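Contents: one structure, followed by commentary.
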Amino acid sequence: MHFDLTDDQKALQQTVRDFCRREVIPVAAADEKAHRFQRELVSQMGQLGFFGCPIPEKYGGNGMGYLAHALVCEEIARVSGSLRAGFNMQTMLTARTILKFGSEKQRQTLIPKLVRAELLGCFAITEPNAGSDAGSLKTTAIKKGDSYILNGSKTWITYATVADLGVFFAYTDPSKRYKGMSAFLVDMHTPGVSARLIEEKLGWHACPTGEVFLEDVAVPKESLLQEEGYGFPIMMMDLDGSRLTAASGALGVCQAFLDESIKYANQREQFGQKIGQFQMIQDVIAQMVVETEAARLLVYRCAAQKDQGRENNTLETSIAKYYACDAASRLADMALRIFGAYGYSGEYPVERYLRDAKLYQLLEGSANIQKLIIAQDALGYRKANR
Ligand SMILES: Cc1cc2nc3c(=O)[nH]c(=O)nc-3n(C[C@H](O)[C@H](O)[C@H](O)COP(=O)(O)OP(=O)(O)OC[C@H]3O[C@@H](n4cnc5c(N)ncnc54)[C@H](O)[C@@H]3O)c2cc1C
């Protein structure tokens, strides 16, 4: 499989790099320190079409596809993990969910606004006692006349405190476990919806994460995506998309560690020579180059398959997600070896990238969950690709 980028993909990549140089790099470190979410930057990305790659032009996207989406995520994550989060919130987990499972009216009214970031999205599976085991969620949605009444609480929800619209998972029939789960589009300004910021976390400080409380939230019956009981397949399809986004972000972090490490190894002198001249430093640089290239090939293969119509390539998605996200943490360790004390300081961005890297191992299905999918497929217990 070849990954020679097309002229359009190269042009898009350059546009994102220019945007990062102009708008993101000058503020990324300060925003993280100040815990400042810049909606303005997300809006600019929307105006530039960055959120629209896997979305057809008919609904306000640019139709450039999944590889283009991966390229954009990679470039943004190279400079800011916090901003990369938007690619799941605006694209994969909301706009694409509505594209696949919404009504034509929802597609026409909501997708263009999400893609342009006029509306901010969120996606809510996780609850205090339902993490990897999504089936154990407790939120309910009970039909009453022309509405569903939602009750429950979600936690660790990206954009919880700023979102206008959310995709929520709840049980319409708790007695049926996975088969009783349904997915809803929830207007976050509906009475009964409230959110609280999670203030203390390791990284992603420029991206709000929070709890969401649903107290007798009445949503119109049209908010149900597909049919009752269709929530779990929707969740799985969504994760096949969002794991590509996460893997692309992790690849961007790998590249960032490599770039910074090469620069530093060529500047820093000890024992009368640049540290890059020491063979033990070269050993680390070589490993970083190979890990990054391996991650890139797996991520691009996954995206290219989706562009060829294999959107539910769960196996290749899990392989890319597992490898790229763990590689980012391995590269964090390597970069810190090269930087020594300066890697531990706030003077260089590697400490921030290290905090970004750790998150990729647990988001969108932890590393263990990806390994379960990969191993069970290999052992013949459960085929990953549907
Ligand atoms: C900054 C941030 C943003 C987030 N944004 C969102 C969001 O927008 N929406 C959302 O719904 N969620 C979000 N999450 C939640 C995230 O998806 C969960 O953290 C993730 O699903 C893992 O769940 P958990 O943390 O409860 O870990 P747990 O499920 O409690 O797992 C703990 C450990 O046990 C391991 N483990 C669990 N089950 C198994 C098993 N069967 N076999 C082997 N090992 C296992 C896990 O791999 C992990 O190492 C976010 C989390 C963070 C930190």
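The values are calculated or read from the model by the stated rules, or taken from the named source; none is laboratory data. This structure is a prediction, so every number in the text was calculated from the model and none was measured. Every residue, glycine as well, gets a Cβ built from its backbone with ideal geometry; the counts of neighbours run over all protein chains shown.
What number of residues within segment 101-156 are basic (Lys, Arg) and surrounded by fewer than 17 Cβ atoms within 10 Å (Cβ to Cβ)?
Total satisfying the criteria: 4.
Note on segment 358-382: residues that are more than 9 Å from the ligand (Cβ to nearest atom), in a loop (DSSP other than H, G, I, E, B) and either in contact (Cβ under 8 Å) with a residue 24 or more places away in the chain or among the hydrophobic types (A, V, I, L, M, F, W, C) (or both) amount to 1. Taking residues in segment 342-357 that are of a type in the set (Phe, Trp, Tyr), and partners anywhere that are not in a helix (DSSP H, G or I), the pairs with Cβ atoms closer than 8 Å and at least 6 places apart or on different chains are Tyr342/Arg268; Tyr342/Tyr348. Could we say that Arg177 is more than 11 Å from the ligand (Cβ to nearest atom), touching a Gly at 6+ places or on another chain (Cβ under 8 Å), in the same structural domain as Val219 (by TED's automatic domain parsing) and of a type in the set (D, E, K, R) here? Here the answer is yes, as Arg177 does meet what is asked.
The condition (being surrounded by fewer than 16 Cβ atoms within 10 Å (Cβ to Cβ) and not in a strand (DSSP E or B)) is satisfied by just one residue among Gln255, Gln267: Gln267. Taken over segment 113-128, the criterion of being within 15 Å of the ligand (Cβ to nearest atom) and assigned to a loop (DSSP other than H, G, I, E, B) is satisfied by Leu120, Ile125, Thr126, Pro128. For the condition at positive phi and either more than 10 Å from the ligand (Cβ to nearest atom) or over 20 Å from the mean Cα position of the chain (by Cα) (or both), Gly135 does not qualify.
Which of the following residues is under 26 Å from Gly65 (Cα atoms) and within 15 Å of the ligand (Cβ to nearest atom): Ser318, Ser329?
Ser318
As a summary of the residue check, Trp204 satisfies the conditions (1) modelled with pLDDT of 95 or more; (2) on the phi < 0 side of the Ramachandran plot except for the one numbered (2).
Select from segment 167-180 the residues that are among the small types (Gly, Ala, Ser) and without any contact (Cβ under 8 Å) to a residue 60 or more places away in the chain and write down the one among them that is surrounded by the fewest Cβ atoms within 10 Å (Cβ to Cβ). Spell out the reasoning first.
As a first pass, look at segment 167-180 and keep what is among the small types (Gly, Ala, Ser): 170, 175, 180.
Then drop every residue that is not without any contact (Cβ under 8 Å) to a residue 60 or more places away in the chain, which leaves 175, 180.
Working: Ser175: 7, Gly180: 18.
Only one residue fits best here, namely Ser175.
Please verify whether segment 291-303 includes one or more residues that are more than 27 Å from the chain's Cα centre (by Cα), part of a helix (DSSP H, G or I) and not assigned by TED's automatic domain parsing to the domain that holds Lys176.
From segment 291-303, those more than 27 Å from the chain's Cα centre (by Cα) are none; that's our starting set.
No, segment 291-303 contains no residue that is more than 27 Å from the chain's Cα centre (by Cα), part of a helix (DSSP H, G or I) and not assigned by TED's automatic domain parsing to the domain that holds Lys176.
Selection of segment 376-386 for residues being closer than 18 Å to Asp133 by Cβ and surrounded by 13 or more Cβ atoms within 10 Å (Cβ to Cβ) yields only Gln376. The set of residues in segment 18-66 that are in a helix (DSSP H, G or I), among the aromatic types (Phe, Trp, Tyr) and touching a residue at least 40 places away in the same chain (Cβ under 8 Å) comprises Phe51, Tyr59, Tyr66. Scanning segment 40-96 for residues that are small (Gly, Ala, Ser), within 26 Å of Ala30 (Cβ to Cβ) and within 16 Å of the ligand (Cβ to nearest atom) yields Ala77, Ser80, Gly81, Ser82, Ala85, Gly86. On the stretch given as segment 203-246, residues that are out of contact with any Gly (no Cβ under 7 Å at 6 or more places or on another chain), among the hydrophobic types (A, V, I, L, M, F, W, C) and assigned to a loop (DSSP other than H, G, I, E, B) total 2.
Looking at segment 334-345, can you tell me whether even one residue there is of a type outside the set (Asp, Glu), buried (at least 17 other Cβ atoms within 10 Å of the Cβ), in contact with a helix residue (DSSP H, G or I) (Cβ under 7 Å, 6 or more places away or on another chain) and closer than 22 Å to Met235 by Cα? Working first, answer last.
Looking only at segment 334-345, we keep the residues that are of a type outside the set (Asp, Glu), and these are 334-345.
Those still in the list that are buried (at least 17 other Cβ atoms within 10 Å of the Cβ) too: 334-336, 338-339, 343.
Within this subset, residues satisfying the condition of being in contact with a helix residue (DSSP H, G or I) (Cβ under 7 Å, 6 or more places away or on another chain) are 334-336, 338-339, 343.
Those still in the list that are closer than 22 Å to Met235 by Cα too: none.
No, because not a single residue in segment 334-345 is of a type outside the set (Asp, Glu), buried (at least 17 other Cβ atoms within 10 Å of the Cβ), in contact with a helix residue (DSSP H, G or I) (Cβ under 7 Å, 6 or more places away or on another chain) and closer than 22 Å to Met235 by Cα.
In segment 181-200, the residues that are more than 23 Å from Ile98 (Cα to Cα) and in a loop (DSSP other than H, G, I, E, B) form Cβ pairs under 6 Å with partners that are within 14 Å of the ligand (Cβ to nearest atom) and modelled with pLDDT of 95 or more, at six or more places apart or across chains, as follows: Ile198/Thr209; Ile198/Gly210. Suppose the filter is within 18 Å of the chain's Cα centre (by Cα), within 12 Å of the ligand (Cβ to nearest atom) and not assigned by TED's automatic domain parsing to the domain that holds Ser43; does Gly166 pass it? Judged against the criteria, Gly166 is a match.
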